[in-house]
Amino acid sequence: MTARVLVLGNAGWDVPLRVARLPRTGETVLGERLEESPGGKGLNQAVVAARAGAAVLLVAPLGDDWEGAAVRAALAAEPLAFTLLPSPYRTDLSLLCVAEDGSNLILSTNACADGVTVAEAEDAAARLAPGDMLLMQCGLCAGPTIAAARLGAARGAGVVLNAAPLRWDIAPILPLLEPLIINEIEAEAATGC
C-alpha cells in the first residue's frame, strides 16, 4: 500500500488585494482586487502535496453557502480525495493584503474550522496506517488537533504541524511531531524569545 498524506485542516474562500505597500494602523490604502479563489492553509497544503504527486486525502469543514460550493467544485478538479465535514457556519473567509515586496496581512474568520469536533478529528486520524503522514495546522481548535495527533502517532503515521495561525499552546503536541513548521512570528509567540 502506498503511503498517504492526510491533511486535517481548514478550507475557505480567499479575497486578495494587491497593494503598493501595507497600510499603517488607521490608514486606508487603495488596492487592486485579485481573483478570488479557494484557500485556507489546510486546503492549500493538500493541493500542493497532491500536485507534487502525493496520494492526498483532505478532511476539512465547509459551510453550506456559495463559497462552500465553489470550494467543492475546485477540489473536484484537483488530483486528491476529500471528505468535507458539514458545518452550520458559513465557509471561513480570508482577506489578504499583499504588497509589491511580498509582505502581507491576512485576516480570517474561523467559526467553520472551530466547529470540528474531537470525534471528527479522531475519525479522520483512524484512517491512517504506518508510514502515512498526518499534516495539520493550528486553524482547528487544540482539542481536535491534539487528539488526531495522538491517534495518528499511535497508528504509526508521521505527524506534522504547521503552527499557523498560532492561537493555542502547542507544548502538548510537540513530542508527537516530526517536524514542526513555524515562522519567525509564531516561534517568538510560542517561545517568548
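Averaging sequence separations of C-alpha pairs under 8 Å and six or more residues apart, then dividing by the length of the chain, give the relative contact order as a whole percent.
Working: 436 pairs, mean separation 40.9, N = 193.
Relative contact order comes out at 21 percent.
Considering only DSSP beta bridges where both residues belong to the chain, give the percentage that are antiparallel (nearest 5). Present the calculation step by step, with values, prior to reporting the outcome.
Values: 10 of 41 bridges.
The antiparallel proportion sits near 25 percent.
Please identify every one of the GluC sites (Glu not before Pro) in the range 87-193 that sits in a loop by DSSP and has no more than 12 other beta carbons within 10 Å of its own beta carbon. Can you show the working numbers first?
Details: sites: Glu100, Glu120, Glu122, Glu184, Glu186, Glu188; in loops: Glu100.
Passing sites in the range 87-193 are Glu100.
Among Gly26, Leu58, Ala113, which residue has its Cα furthest toward the positive end of the charge dipole of the chain, with +1 on Lys/Arg Cβ and -1 on Asp/Glu Cβ?
Leu58
Rounded to the nearest 20 Debye, what is the dipole magnitude of the chain about its Cα centre when Lys and Arg each give +1 and Asp and Glu each give -1 at the C-beta?
Using only the charged Cβ atoms, the result is roughly 340 debye.
How many angstrom separate the Cα center of the range 155-193 from the Cα center of the range 12-61?
21 Å
With no solvent and one equal point scatterer per Cα, compute the Debye intensity ratio I(q)/I(0) for the range 14-116 at 0.14 Å⁻¹ and report its log10, rounded to two decimals.
Rounded to two decimals, the profile gives -0.62.
For the range 57-97, what is the convex hull (Cα atoms) projected area averaged across all directions, in square nanometres? Each step should come with its number before you reach the end.
Working: hull surface 13.2 nm².
About 3.3 nm², averaged over all directions.
None of the figures in this text is laboratory data; all of them are computed from the coordinates on show. Quick caveat, the model's predicted, so the values are computed rather than measured. As a convention, Cβ positions derive from the backbone with ideal geometry for all residues, glycine included, and neighbour counts pool all protein chains shown.
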